[in-house]
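Peer 1: Questions regarding the structure given below will be posed in turn.
The values are calculated or read from the model by the stated rules, or taken from the named source; none is laboratory data. Nothing here was measured: the structure is a model prediction, and the numbers come from that model. In this analysis, Cβ positions are derived from the backbone assuming ideal geometry, glycine residues included, and neighbour counts consider all displayed protein chains. Keep in mind that these areas ignore ligands, DNA and RNA; they rest on the heavy atoms of the full protein, side chains included. Shrake-Rupley method; radii C 1.70, N 1.55, O 1.52, S 1.80 Å.
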Amino acid sequence: MLFRSCVRLCYTIRSERGERLQGFYFPCGAKFSRKIAFIVHGYHSEHIETAGMLFEYYHSRGFDVFAPDNTASGKSGGRVFGYDVFESADCLRWLSFLKSEFGSNIQIIMHGFSLGGATVLKMSDRMPDTVKFTVSDSGFIDARELLKRRLGPLYKSMYELNKLIGGYDLADSDVSENVKNSRTPMLIVHGKDDPTVPFSMAPRIYELCPGEKDFLYTDKAKHIETMYAAPEAYTKKLDDFIKRFIK
């Protein structure tokens with residue numbers, strides 16, 4: 001697979017919780033391009049699985065690819081997931097690292113899937129100027145809504161246990177206020193037959209966005225399936241955003 005054989009640089013930072021986080025950088029050529037697609041993976045996933053889905057696309061458009069392993073995932077440390085609370089704080093640290101490593105003139109696309117989609121939404125009101133637009137594919141608006149559906153009567157116990165073990169409140173996973181104050185143009189992608197993150201969340205997120213925005217809602221597409229169900233439409237939306245917001 002091309003993705004696995006490509007040149008890869010490995011970087012390490014520490015989270016504000018003291019965890020060792022690893023991120024992986026894949027240049028599209030012999031030199032750094034100054035244009036970076038920052039791919040954020042989802043729940044129980046890791047960088048190589050998620051970034052691989054759009055690796056060739058971004059390289060063909062002249063973008064280097066950066067993909068971290070989030071907390072409790074892949075090669076990074078940590079014991080618990082943050083349902084976008086920890087992940088968004090960590091990705092903001094990675095953005096600071098990329099700026100210090102490659103300069104203030106870099107241009108970044110934040111592209112997240114599922115939990116990663118919620119993560120980039122959670123960050124949306126705190127993006128630095130280096131981020132030119134955001135893509136949330138199958139992201140959720142509030143983890144509590146998902147967990148209530150999945151756990152039923154066990155949810156209340158899980159909620160309290162998470163505060164004790166995880167050290168944060170699941171109420172903080174709500175991205176509504178962040179999206180209301182988002183600082184970048186935003187593309188919302190979601191399959192209409194998504195059984196994992198209800199499609200109904202996507203229009204709610206879209207309506208909250210105050211700035212330039214667009215959406216791609218796909219019939220008969222399940223969780224993170226839009227790029228396979230409608231590849232030409234997906235590519236066109238990304239190409240349009242790149243043309244408009246990347247110099």
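Peer 1: Residues of region 103-127 being touching a Lys or Arg at 6+ places or on another chain (Cβ under 7 Å) and either farther than 14 Å from Val179 by Cα or polar (S, T, N, Q) (or both), which ones? Steps first, answer last, please.
Peer 2: Going through region 103-127, the residues touching a Lys or Arg at 6+ places or on another chain (Cβ under 7 Å) turn out to be 105-109, 124-125, 127.
Matches in region 103-127: Asn105, Ile106, Gln107, Ile108, Ile109, Ser124.
Peer 1: Let me ask something additional. When you look at Asp64, is it open to solvent by less than 30 Å² (accessible area, probe 1.4 Å), over 29 Å from Ser173 (Cα atoms) and touching a Gly at 6+ places or on another chain (Cβ under 9 Å), yes or no?
Peer 2: Details: open to solvent by less than 30 Å² (accessible area, probe 1.4 Å): yes; over 29 Å from Ser173 (Cα atoms): yes; touching a Gly at 6+ places or on another chain (Cβ under 9 Å): yes.
Yes: the conditions hold for Asp64.
Peer 1: Taking into account only those residues within region 152-172 that are among the hydroxyl-bearing types (Ser, Thr, Tyr) and farther than 16 Å from Val85 by Cβ, which is most open to solvent (accessible area, probe 1.4 Å)?
Peer 2: Ser157
Peer 1: So which residues in region 74-93 are out of contact with any helix residue (DSSP H, G or I) (no Cβ under 9 Å at 6 or more places or on another chain) and open to solvent by less than 20 Å² (accessible area, probe 1.4 Å), if there are any at all?
Peer 2: none
Peer 1: Are there any pairs with C-beta distances below 9 angstrom linking a residue in region 27-51 that is at positive phi and open to solvent by 40 Å² or more (accessible area, probe 1.4 Å) to a residue that is of a type outside the set (A, V, I, L, M) and in a strand (DSSP E or B), with the two at least 6 apart or on different chains, and if so which?
Peer 2: That search, which allows pairs on different chains as well, returns Arg34/Asp64; Arg34/Gln107.
Peer 1: Could you check region 137-157 and list, in sequence order, the residues that are touching a helix residue (DSSP H, G or I) at 6+ places or on another chain (Cβ under 6 Å), on the phi < 0 side of the Ramachandran plot and not acidic (Asp, Glu)?
Peer 2: Result: Gly139, Phe140, Ile141, Ala143, Arg144, Leu147, Lys148, Leu151, Tyr155.
Peer 1: When you go through (1) modelled with pLDDT of 95 or more; (2) surrounded by fewer than 17 Cβ atoms within 10 Å (Cβ to Cβ); (3) over 29 Å from Met201 (Cβ atoms) one by one for His59, which number turns out not to apply?
Peer 2: Here His59 clears every test but (2).
Peer 1: Check Gly23 against each of (1) small (Gly, Ala, Ser); (2) more than 22 Å from Ala143 (Cα to Cα); (3) part of a loop (DSSP other than H, G, I, E, B); (4) touching a residue at least 24 places away in the same chain (Cβ under 8 Å) and name the one condition it does not meet.
Peer 2: (3)
Peer 1: Does region 94-149 hold any residues that are within 11 Å of Val175 (Cβ to Cβ), open to solvent by less than 20 Å² (accessible area, probe 1.4 Å) and either without any contact (Cβ under 8 Å) to a residue 60 or more places away in the chain or over 9 Å from the mean Cα position of the chain (by Cα) (or both), and which are they?
Peer 2: Ala118, Met123, Ser124, Phe140, Ile141, Asp142, Ala143 - these are the residues of region 94-149 that are within 11 Å of Val175 (Cβ to Cβ), open to solvent by less than 20 Å² (accessible area, probe 1.4 Å) and either without any contact (Cβ under 8 Å) to a residue 60 or more places away in the chain or over 9 Å from the mean Cα position of the chain (by Cα) (or both).
Peer 1: So which residues in region 192-222 are more than 16 Å from Val135 (Cβ to Cβ), open to solvent by 40 Å² or more (accessible area, probe 1.4 Å) and in a loop (DSSP other than H, G, I, E, B), if there are any at all?
Peer 2: Lys192, Asp193, Pro195, Thr196, Phe199, Ser200, Pro210, Asp219, Lys220, Lys222
Peer 1: Any residue in region 223-238 that is under 20 Å from Phe133 (Cα atoms) sitting within a Cβ distance under 9 Å of a residue that is outside any helix (DSSP H, G or I) and charged (D, E, K, R)? List the pairs, counting only those 6 or more apart or interchain.
Peer 2: Between residues of region 223-238 that are under 20 Å from Phe133 (Cα atoms) and residues that are outside any helix (DSSP H, G or I) and charged (D, E, K, R), the close pairs are Ile224/Asp137; Ile224/Asp194; Thr226/Asp137; Met227/Asp137; Tyr234/Asp137; Lys237/Asp214; Leu238/Arg61.
Peer 1: May I pose another question? Which residue is farthest from Phe241 (Cα to Cα), if the candidates are limited to region 177-229 and must be within 15 Å of the chain's Cα centre (by Cα) and of a type in the set (Val, Ile, Thr)?
Peer 2: Only one residue fits best here, namely Val197.
Peer 1: Of (1) part of a loop (DSSP other than H, G, I, E, B); (2) among the β-branched types (Val, Ile, Thr); (3) touching a Ser or Thr at 6+ places or on another chain (Cβ under 6 Å); (4) farther than 21 Å from Pro128 by Cβ, Val189 satisfies all except one. Which?
Peer 2: (1)
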